[in-house]
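K.L.:
For reference, the structure I am asking about is given below.
The values are calculated or read from the model by the stated rules, or taken from the named source; none is laboratory data. The structure presented is a predicted model; accordingly, all values stated were derived computationally and were not measured. FYI the Cβ positions are ideal-geometry reconstructions off the backbone, even for glycines, and counts take in every protein chain you see.
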Amino acid sequence: MVDPKNPGAVDEIIHLGDFWDEEKMRENKEAVLKSNARVGRLFKIAYSQLAEARVIKDELDSYYTEAMNMASVNGVIHDITEDIIEDAEIQFDLKPKDRHLFATAFTPQGQAHFLETVLDGVKKLYFITSDASALGSEVVGTVARVMHMHGLDTDVYHCSFEPTAVDLVVIPAMKTAVMKDIPGINFKIQYIPGLKKVRIKDLNQYLDPNVLAVYDKEIKCAGERLHSALCRAISYIAAAKAEHDVMETYYIPAMDFEAINAKRDEVLARILKYAEEFK
């Protein structure tokens, strides 16, 4: 449950329960309770699979971290930040804004993203590729912090699987972005409209092949286990969505959609009025 922090003055709850027929709802009470319990159970299994996947990913990351020349990675970070700052209007008078968002998600249809929308308007992209996904996130996250320290507004997009990690940072004033290769999503750089310049930084060149050879069997096994755990998680999310759709069939006949549409129009009118007042 989410309560308004400043009810009336700022926040307001719209209760759709005002628009249903309680008698019709009570007729399907047992079915609703059973379906709702099933949805909860399926999501719980999905989250357990994601938790298992996270443990596997940490194991996989540990092999690549051991093999990586971190001094060279720091050099990549230095080169990117220096290149961006060279043309930036650095300022230390106002605190810069840093928005934190997500551009990807695990959905019943699989891993989804809105990267084409997020990157629309970006003219210059630094693209970090590497089998060491965690280190790619470290590069992007560090660049984001450096940009913020130099007074630039940033839009920071976190990893939906590991929210503390950073997949992408956009610096709107520079029309510039730094992004890592995100595993599991169908996205190509050429999909970005209006992109003028791309600089690809491949961290794999800084991996010690001798160390990777030692852990070759473990890396392959961890990769397969990670893929399997994520696929199971998505399958249970899909099953939960399917069961939730069944539960909605009990609600739909009991809803007064004309009243809901009228409420929607009322809220929209108020929002547009607030927008005019803001202008």
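K.L.:
Being of a type outside the set (A, V, I, L, M, F, W, C), under 30 Å from A67 (Cβ atoms) and in a helix (DSSP H, G or I) is the requirement here; does E218 meet it?
P.N.:
Values: of a type outside the set (A, V, I, L, M, F, W, C): yes; under 30 Å from A67 (Cβ atoms): yes; in a helix (DSSP H, G or I): yes.
It is true that E218 is of a type outside the set (A, V, I, L, M, F, W, C), under 30 Å from A67 (Cβ atoms) and in a helix (DSSP H, G or I).
K.L.:
Hey, could you check region 224-267 for residues that are among the hydroxyl-bearing types (S, T, Y) and modelled with pLDDT under 95 and say which is farthest from D18 (Cα to Cα)?
P.N.:
Step by step, filter region 224-267, then rank; the result is T249.
K.L.:
OK, next. Please verify whether region 208-229 includes one or more residues that are in contact (Cβ under 8 Å) with a residue 40 or more places away in the chain, surrounded by 14 or more Cβ atoms within 10 Å (Cβ to Cβ) and touching a strand residue (DSSP E or B) at 6+ places or on another chain (Cβ under 8 Å).
P.N.:
no
K.L.:
Further question: Checking S235 against (1) of a type in the set (S, T, N, Q); (2) surrounded by 13 or more Cβ atoms within 10 Å (Cβ to Cβ); (3) not assigned by TED's automatic domain parsing to the domain that holds A51, which single condition isn't satisfied?
P.N.:
S235 satisfies every listed condition except (3).
K.L.:
Can you name the number of the only condition in (1) part of a helix (DSSP H, G or I); (2) in contact (Cβ under 8 Å) with a residue 12 or more places away in the chain; (3) surrounded by 14 or more Cβ atoms within 10 Å (Cβ to Cβ) that P253 fails?
P.N.:
(3)
K.L.:
Another question, if that's okay. Where in region 6-101 are the helices (runs of 4 or more DSSP H), entirely inside, with at least 3 residues that are under 30 Å from K124 (Cβ atoms)?
P.N.:
Working: elements: 22-27, 29-67, 70-86.
Qualifying helices (runs of 4 or more DSSP H): 29-67, 70-86.
K.L.:
For residues that are surrounded by fewer than 16 Cβ atoms within 10 Å (Cβ to Cβ) and in contact (Cβ under 8 Å) with a residue 40 or more places away in the chain, tally how many sit in region 188-199.
P.N.:
So the count comes out to 8.
K.L.:
Still on this model: Scan region 139-148 and give yes if some residue there is in contact with a Pro (Cβ under 9 Å, 6 or more places away or on another chain), surrounded by 22 or more Cβ atoms within 10 Å (Cβ to Cβ) and not small (G, A, S), otherwise no.
P.N.:
yes
K.L.:
Only one of (1) of a type in the set (A, V, I, L, M); (2) exposed (fewer than 13 other Cβ atoms within 10 Å of the Cβ); (3) touching a helix residue (DSSP H, G or I) at 6+ places or on another chain (Cβ under 7 Å) is not met by I128, so which one is it?
P.N.:
I128 satisfies every listed condition except (2).
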